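**Q** Got a structure for you, written out below as structure tokens; questions coming shortly.
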Amino acid sequence: MTVQSVLDEVRKRRGTGAVIPVIDPATEEQITEFTDCGQEAVDEAVARARASFEAGVWRGLPARERAKVLWRIADLMDQHAEEFAELDSLNTGMPMAQARMIVPTCAEFFRYYAGWCTKVNGNAYEVQMEGGVSGSFAEMHAYTLKEPYGVVGLIFPWNGPIFNACAKIAPALAAGCSSVVKPAEETPLSAVLLERIIAEAGVPDGVVNLLIGYGHTAGAALTAHPDVEKIAFTGSTEVGKQIVQASAGNLKKVMLELGGKSPVLIYDDADLNMAIMMASMGIFVHSGQGCVCGSRVFVQRGVYDQVVDGITTIANALQLGGPKEEGSGIGPLISQKQLTRVMGFIDEGKRDGVEVVTGGYRLDRPGYFVHPTVLTNVDRDMRLYQQEIFGPVVTILPFDDDDEAAALANDTTYGLAATAWTTNLSRAHRIAKRLHAGTVTLNSQLNFDHNVPFGGYKQSRWGHEFGREGIEAYLQTKSVWAQI
Ligand code: NAD
């Protein structure tokens, strides 16, 4: 399975819609192209998924057999780790070193959820119900079954193509669901390789069905489809809201992992070297295109200048470049559209009087590169302060005490993640309780483990991924009653 064979296979995907080019964001050159799959292909994919679910070819297997197949997928992913890394770095522009670190974590989703296959259990209840035959209590035995939803639609964005695919496909398979999978139109490559591996590992035909196409066509058709029982979506809050509306037709269940505008609090007693380094990487890694990126940094006044200087120094030292360029640590933005969006926020901020401490411009070279940007003198009602930019742009503001820190951190419609840096552990845990976010990291950033649930508060949510919650998202509960 060479990278070239994946590119060729993508090119062969012929739907009924528009031709969609796949662009290398580090060079702006076309890598391959495909045709938007169209409504007919969505209907066919859902029908295949439905047929496989009703036939029980996957959900009907003993749980331990499904677990073995998930392990095989992980092993095959490990064997093809280099191709996955190449495809994702080619498609997103991320450095190869970063892509190589991510792939084993992605394979591990299948091993982690393989373990859950044999641990899906309901509960038992002993009930005495009034109004039995003799007028007394009727002895009842009740129990719950955890059953797969059925056909689920899995839709995800371009920022971590193989990670997002595995985070959804692994628990859906472990639960026994059949799925229709739609990666972002910008980044279909690694999903095509994963589709092959899933088949080779022994997942029966029709259980996982890959569609490649636009969100407003293929994604929208999948979301509105009357025979899809659940949509698990990762992407922007804006599209998340559209998905909620589109799924109302058959009252689909919807899981949403959405945007963020995550605050990072740095207190004057923090390990400043570590806090500055991690706060910088926490926004500039992957050019800020991470949902938990800490795009709003708040610093206790006494160390404010020192932290601004420190983050600025790191921003200036980072080497931008494509995956094939020697020494590159940070890649480009994903697309011209994203570049226009990010520069739009920056230019508007400049007009409104923000201070650009560093960055604020596109690099004068091919590729969608924006210099890591540090902004101060920002008003809280500015669009760039309130809205998710999803680029290498951080705003830094001072605070005086815990009350002000919490008020600033929570002054957002998002609630995905938040961080506090302080060596006072009592204060760290106190502030953790006050932060309105689904994940709070203390004296650390960019934390992840397959076993720890991840989800948002406020407009960054519905539901959770990873951990036990991750498989429960693909299971529904049936209560069974029996008179004894
Ligand atoms: P997006 O919402 O534009 O697109 C995400 C996916 O939805 C893509 O596959 C797209 O084709 C599809 N889509 C678009 N319109 C659709 C529609 N009307 N119906 C159905 N599907 C549709 O997001 P993006 O720009 O690709 O990704 C960036 C966003 O993703 C950011 O907001 C980021 O915060 C978010 N994100 C969140 C998490 C998380 O776990 N919370 C993780 C990664 C990214």
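**Q** Under 6 Å between Cβ atoms, at least 6 apart or on separate chains: pull out the pairs that start in segment 399-419 with a residue that is farther than 19 Å from residue 238 by Cα and end on any residue that is assigned to a helix (DSSP H, G or I).
**A** Qualifying pairs under 6 Å: 399/405; 399/408; 400/301; 406/434; 418/409.
**Q** Still on this structure: Quick one: residue 232 ticks every box in (1) touching a Pro at 6+ places or on another chain (Cβ under 9 Å); (2) assigned by the TED database to the domain that holds residue 165; (3) more than 27 Å from residue 334 (Cβ to Cβ) except a single one, so which number is it?
**A** Unmet for residue 232, out of (1) touching a Pro at 6+ places or on another chain (Cβ under 9 Å); (2) assigned by the TED database to the domain that holds residue 165; (3) more than 27 Å from residue 334 (Cβ to Cβ): (3).
**Q** OK, next. Confirm whether residue 238 is of a type in the set (Asp, Glu) and either more than 12 Å from residue 157 (Cα to Cα) or modelled with pLDDT under 95 (or both).
**A** Yes; evaluated as a whole, the condition is true for this residue.
**Q** Quick one: what pairs do we get from segment 456-484, first residue open to solvent by 10 Å² or more (accessible area, probe 1.4 Å), second basic (Lys, Arg), C-beta under 7 Å, 6+ apart or different chains?
**A** That search, which allows pairs on different chains as well, returns 475/146; 477/146.
**Q** I'm trying to understand the selection: among the residues of segment 145-164, which are more than 8 Å from the ligand (Cβ to nearest atom) and surrounded by fewer than 24 Cβ atoms within 10 Å (Cβ to Cβ)?
**A** Listed by number, the residues that qualify are 145, 146, 147, 148, 149, 150, 163.
**Q** Residue 220 - would you say it is out of contact with any Leu (no Cβ under 8 Å at 6 or more places or on another chain), free of Cβ contacts under 8 Å to residues at least 12 places away in the same chain, among the hydrophobic types (A, V, I, L, M, F, W, C) and within 30 Å of residue 148 (Cβ to Cβ)?
**A** The answer is no for residue 220.
**Q** Another question, if that's okay. With the condition being closer than 18 Å to residue 367 by Cα, I'd like the helices (runs of 4 or more DSSP H) fully within segment 20-95 carrying at least 3 qualifying residues.
**A** Output list reads 81-92.
**Q** On to the next question. Within segment 243-255, which residues are in contact (Cβ under 8 Å) with a residue 24 or more places away in the chain, more than 12 Å from the ligand (Cβ to nearest atom) and among the small types (Gly, Ala, Ser)?
**A** 249
**Q** Oh, and also: List pairs: first in segment 83-108 and free of Cβ contacts under 8 Å to residues at least 24 places away in the same chain, second of a type in the set (A, V, I, L, M), Cβ under 8 Å, 6+ apart or cross-chain?
**A** 85/96; 85/99; 85/102; 85/103; 100/81; 100/85
**Q** So which of 140, 96, 101 is assigned by the TED database to the domain that holds residue 470, away from the ligand (no atom under 16 Å from the Cβ) and touching a strand residue (DSSP E or B) at 6+ places or on another chain (Cβ under 6 Å)?
**A** On inspection, the qualifying residue turns out to be 140.
**Q** Of everything in segment 220-242 that's acidic (Asp, Glu) and more than 7 Å from the ligand (Cβ to nearest atom), which residue is surrounded by the most Cβ atoms within 10 Å (Cβ to Cβ)?
**A** Among them, the one singled out is 229.
**Q** With in a loop (DSSP other than H, G, I, E, B), out of contact with any Pro (no Cβ under 6 Å at 6 or more places or on another chain) and of a type in the set (A, V, I, L, M) as the only criterion, which of 270, 246 stands out?
**A** Answer to the check: 270.
**Q** Follow-up. For residue 273, which of the numbered conditions (1) over 30 Å from residue 54 (Cα atoms); (2) open to solvent by less than 10 Å² (accessible area, probe 1.4 Å) fails to hold?
**A** The one condition residue 273 does not meet is (2).
**Q** Of the residues 430, 461, only one is among the charged types (D, E, K, R) and more than 15 Å from the ligand (Cβ to nearest atom); which?
**A** 430
**Q** Right, another one. Suppose we filter segment 332-356 for residues that are within 16 Å of residue 387 (Cβ to Cβ) and of a type in the set (Ser, Thr, Tyr); how many remain?
**A** 1
**Q** Looking at (1) within 16 Å of the ligand (Cβ to nearest atom); (2) open to solvent by less than 40 Å² (accessible area, probe 1.4 Å), find the lone condition where residue 421 falls short.
**A** The failed condition is (1).
The values are calculated or read from the model by the stated rules, or taken from the named source; none is laboratory data. What you see is a predicted model; the values in this text were computed from it and never measured. A quick note on method: Cβ atoms are made from the backbone with ideal geometry, for glycine too, and the neighbour counts reach across all protein chains shown. Side chains included, ligands, DNA and RNA excluded: accessible areas come from the protein's heavy atoms. Shrake-Rupley method; radii C 1.70, N 1.55, O 1.52, S 1.80 Å.
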